[in-house]
Amino acid sequence: MSRKHILAPALLAVSALSACAPGDDTGPVEIRLGHVGAPESLYDIVANEFAERANERLGEAGRVIVYGSSQLGGDDVLLQKLKLGTVEMSLPSTVMSSVIDGFGLFEMPYLVQDREHMKRIEEDVFWDHLAPLAEAEGYRILALWENGFRHITNNARPIRGPEDLAGIKLRTPRGVWRVKLFQAYGANPTPMPLAEVFVALQTGVMDGQENPLAQIASAKLHEVQSYLSLTGHVYTPAFVTVGEARWQRLPEEVRAILEDTAREMQEFVYETAARMDAELLEELRAAGIEVN
């Protein structure tokens, strides 16, 4: 067989792969936004609102499609996919401190007092000092949204002080500083994807977990927990994040619409989060979990 005949199938295969690979997008583009939030969570509500607003502006240029409930992977997997360009957008939170040390700032307990304080931190610290660290790792952050103020649930006892955490098997998100925080308090923290938490609590693999009220309620974690302690120990932003390489291959008008819409969403996110915190606390109390 001639060299030409040997190479022909290989060249066809390479051509087919090139056609499927991300490249410079000249036609309508699909923007996949992956997140870990369950239906009716804050992530779910704001991601869908963002998609609706962005799609109205994009018209025939592209379309944002939201994949929630970890359909495209947990936070760490989504970060990898952003770099690979197989997902265009995601909403990482705590996990950012595992890949970029500077993001451990948001793991410090009781640092953020309220949302107005968070806005000042964003203006004075985030864009000049932290966003460039993400860019150095191949990520671009378009805007800051919210994951929320985190509270502890468990099946052992109410948490009124750090000493009450002694010996409690506590699920945490993947974040080295969060693990160190709860180890210092005497708990036994274990990082675990959010999608696995309900069963871990239900079966006793974990005694408790910590999350914003919106995540607790939407994932129905209160159904397998006895106590909710309003510790508010950490406030975690949600970073509207893209992979830099894939971002640069999107048409300029698409990039502008996505970034502008993401920034404009912040007030809606904060207002929705504040409303949900008030409403969900009453709903959780009514559902029977003991609140302190």
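Quick notes
- For segment 252-277, filtered to residues that are over 27 Å from S229 (Cα atoms) and touching a strand residue (DSSP E or B) at 6+ places or on another chain (Cβ under 7 Å), the residue that is surrounded by the most Cβ atoms within 10 Å (Cβ to Cβ) is L258.
- Any hit, segment 208-225, residues being aliphatic (A, V, I, L, M), in contact (Cβ under 8 Å) with a residue 40 or more places away in the chain, more than 19 Å from E40 (Cα to Cα) and not in a helix (DSSP H, G or I): no
- Single residue of V240, V254 found to be outside any strand (DSSP E or B) and either modelled with pLDDT of 95 or more or assigned by TED's automatic domain parsing to the domain that holds T94 (or both): V254
- Among the numbered conditions (1) surrounded by fewer than 17 Cβ atoms within 10 Å (Cβ to Cβ); (2) more than 18 Å from the chain's Cα centre (by Cα), the only one that L280 does not meet is (1).
- Filtered residue count, segment 165-203, keeping only those that are of a type outside the set (F, W, Y) and touching a residue at least 24 places away in the same chain (Cβ under 8 Å): 18
- Any hit, segment 139-157, residues being part of a helix (DSSP H, G or I), in contact (Cβ under 8 Å) with a residue 24 or more places away in the chain and of a type outside the set (S, T, N, Q): no
- The set of residues in segment 195-214 being out of contact with any Lys or Arg (no Cβ under 7 Å at 6 or more places or on another chain), surrounded by fewer than 23 Cβ atoms within 10 Å (Cβ to Cβ) and either closer than 29 Å to D114 by Cβ or of a type in the set (A, V, I, L, M) (or both) consists of A195, V199, V205.
- Only one entry in E163, E223 is in contact with a helix residue (DSSP H, G or I) (Cβ under 9 Å, 6 or more places away or on another chain) and among the acidic types (D, E), namely E223.
The values are calculated or read from the model by the stated rules, or taken from the named source; none is laboratory data. From a predicted model like this one, the values you see are computed outputs, not experimental measurements. Counting neighbours? That spans all protein chains shown, and the Cβs are built from the backbone with ideal geometry, glycine included.
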